[in-house]
C-alpha cells in the first residue's frame, strides 16, 4: 500500500512538473521585448511629451497586433522626466540596471536628450531621440540617431528657411535681432541663426539670452524694439514662446518678420490659447496634413490618434509630436527585424546604412546620426479668428511658406500687413 502511494505521488509530481513546463515554456518564449525611456509627462514640455507617448502606445499596440518583433511582444517601460534634465540620468540608469530593458529610446527635446546620450555612451546602447537639435554635435556618439528633419547641419538648418524667405523680399532686410533662453536648444538654434545672418550679410543689432525661468517678456521686447531690427529670431521653449507672443502684441512691436525657432507654438493647446495673437509669426514646423506630406500610413495613424486623444487628455490634433513618436519606434522596430537581433552594435551598424519606411516618409541617417537631408518647414500664421480649434485642423490658417516644394500659401510681408 505504501509503495503504491509512493508511486502514485511520484506520478502526480511528474505530471505536475510536465504541466508546468508545458504551461510556462510558451510564456517564456514570448517574454516581451522591453523598450525603456523617459518622457516629459509633467512640466513645461508635457503637452508635447504626452502626445508623443500616446503615439508610442499606438505603435506598441499595432506592432503586437502584427506579432511583435522577432516573434515576441513589445512592452514600453517609461518614467516621467518632469521636463527636467537632472532626472534623466537616474531614469536611464534605472531602466537599464534595475528594469533590465533590452532596448532604450530617447525622450523629447534637446535639453532632455543630451543627458540620455551620456548614459547610452557608457552602456554602448543605441539611442534614437525625438526632435533634439544638434544633440550629438559635441558627443559624436555613433549610437545616437536623431528623429528630426534638420539634416546634417542642424544648427543653421533650423532657421534657414526663415532667412531664405526673408532675403527674397524687396527691399531686402538689413538688420536682425536674436534672442532666446539660456538653454541648450535655444543656444543651438541661435548659433545657427548667427551663421545664417552672417551668410545673408545682415547686421546683428541685438543678441542676448534670458534666464530659463524668465516670466516677464515685455521689457525684453521693448529692448529689442529700441534697436529697430528688420528681422527677429526667437529661440524659446513653450512657456516663454507664449510669453513672447503676448509681449509682442502688448507692446505693439512690428518688425518686418518675427519668429523662427519657437517651441510650443506647434501644439494645439497653445494655438487655441493665443489665437489671433499668432497672426504674422513665422515659425518652424516639421509636418502638417498637406497633400504633399501625406506619406504612406500617416493619415491612417493620425485618424487613430485623434480618436484616442480626447480620452487620453492629450493634444487633440497631434500634428507636431505624434507622427514622430510613432515613426522613431518604426525605425527601431525595422532595425530589429532586419538584423534579427537586439544586439546594439548590430543595430547601430545597420541604422547607419539603411533607409527606413515610416509614416513621415523615407528616413536615412547621415553625419552624427542626423537626417541625411533637411526638411524643416517655415509656417506663417494667417487670418486666425478667435480661439476655436476647428480652424487649426487644416492648414488654412497655417501657411507653409518655405521650402517651395511644400508651400501651401502666400507669404504676407511685412509682419504689420499680416496682422491687419
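The values are calculated or read from the model by the stated rules, or taken from the named source; none is laboratory data. Small disclaimer: the values here were computed from a predicted structure and weren't measured. Note that each Cβ is placed from the backbone with ideal geometry, even for glycine, and that neighbours are counted across all protein chains shown.
For the range 250-258, the count of residues that are modelled with pLDDT under 95, buried (at least 18 other Cβ atoms within 10 Å of the Cβ) and in the same structural domain as residue 177 (by TED's automatic domain parsing) is zero.
Restricting 270, 301, 286, 281 to residues that are crowded, with 17+ Cβ neighbours inside 10 Å, more than 27 Å from residue 189 (Cβ to Cβ) and touching a residue at least 12 places away in the same chain (Cβ under 8 Å) narrows the list to 301.
For the range 193-230, the set of residues classified as within 26 Å of the chain's Cα centre (by Cα) and crowded, with 18+ Cβ neighbours inside 10 Å consists of 193, 194, 196, 197, 210, 217, listed by residue number. Scan the range 24-76 for residues that are touching a helix residue (DSSP H, G or I) at 6+ places or on another chain (Cβ under 6 Å), assigned to a strand (DSSP E or B) and surrounded by fewer than 19 Cβ atoms within 10 Å (Cβ to Cβ) and the total you get is 1. Scanning the range 401-420 for residues that are touching a helix residue (DSSP H, G or I) at 6+ places or on another chain (Cβ under 6 Å) and part of a helix (DSSP H, G or I) yields one hit, 406. The single condition among (1) under 26 Å from residue 45 (Cα atoms); (2) touching a residue at least 12 places away in the same chain (Cβ under 8 Å) that residue 372 does not satisfy is (1). When residue 337 is tested against the conditions (1) exposed (fewer than 14 other Cβ atoms within 10 Å of the Cβ); (2) touching a strand residue (DSSP E or B) at 6+ places or on another chain (Cβ under 7 Å); (3) not assigned by TED's automatic domain parsing to the domain that holds residue 106, the lone failure is (3).
Within the range 116-125, the set of residues being surrounded by fewer than 24 Cβ atoms within 10 Å (Cβ to Cβ) and either over 22 Å from residue 341 (Cα atoms) or at pLDDT below 95 (or both) comprises just one member, 118. The combined condition, being crowded, with 24+ Cβ neighbours inside 10 Å and part of a helix (DSSP H, G or I), is not fulfilled by residue 310.
The residues of the range 94-115 that are touching a strand residue (DSSP E or B) at 6+ places or on another chain (Cβ under 6 Å) and closer than 20 Å to residue 82 by Cα, listed by number, are 95, 99, 104, 105, 106, 107, 108, 113.
Output the residues belonging to the range 133-182 that are in contact with a helix residue (DSSP H, G or I) (Cβ under 6 Å, 6 or more places away or on another chain), within 17 Å of residue 413 (Cα to Cα) and not in a strand (DSSP E or B). 163, 167, 173 - these are the residues of the range 133-182 that are in contact with a helix residue (DSSP H, G or I) (Cβ under 6 Å, 6 or more places away or on another chain), within 17 Å of residue 413 (Cα to Cα) and not in a strand (DSSP E or B). Restricting 107, 151, 161 to residues that are on the phi > 0 side of the Ramachandran plot and touching a residue at least 40 places away in the same chain (Cβ under 8 Å) narrows the list to 151. Filtering the range 234-249 down to residues that are within 12 Å of residue 210 (Cβ to Cβ) and surrounded by 22 or more Cβ atoms within 10 Å (Cβ to Cβ), which residue is farthest from the chain's Cα centre (by Cα)? By that ranking, first place goes to 244.
Would you mind telling me which numbered condition in (1) on the phi < 0 side of the Ramachandran plot; (2) modelled with pLDDT of 95 or more residue 71 fails? Going through the list (1) on the phi < 0 side of the Ramachandran plot; (2) modelled with pLDDT of 95 or more, residue 71 breaks only (1). Here is the figure for the range 161-192: residues that are under 18 Å from residue 134 (Cβ atoms) and either in the same structural domain as residue 136 (by TED's automatic domain parsing) or over 26 Å from the mean Cα position of the chain (by Cα) (or both) total 0. Any idea which residue in the range 78-104 is surrounded by the most Cβ atoms within 10 Å (Cβ to Cβ), counting only those that are over 21 Å from the mean Cα position of the chain (by Cα) and outside any helix (DSSP H, G or I)? That would be 101.
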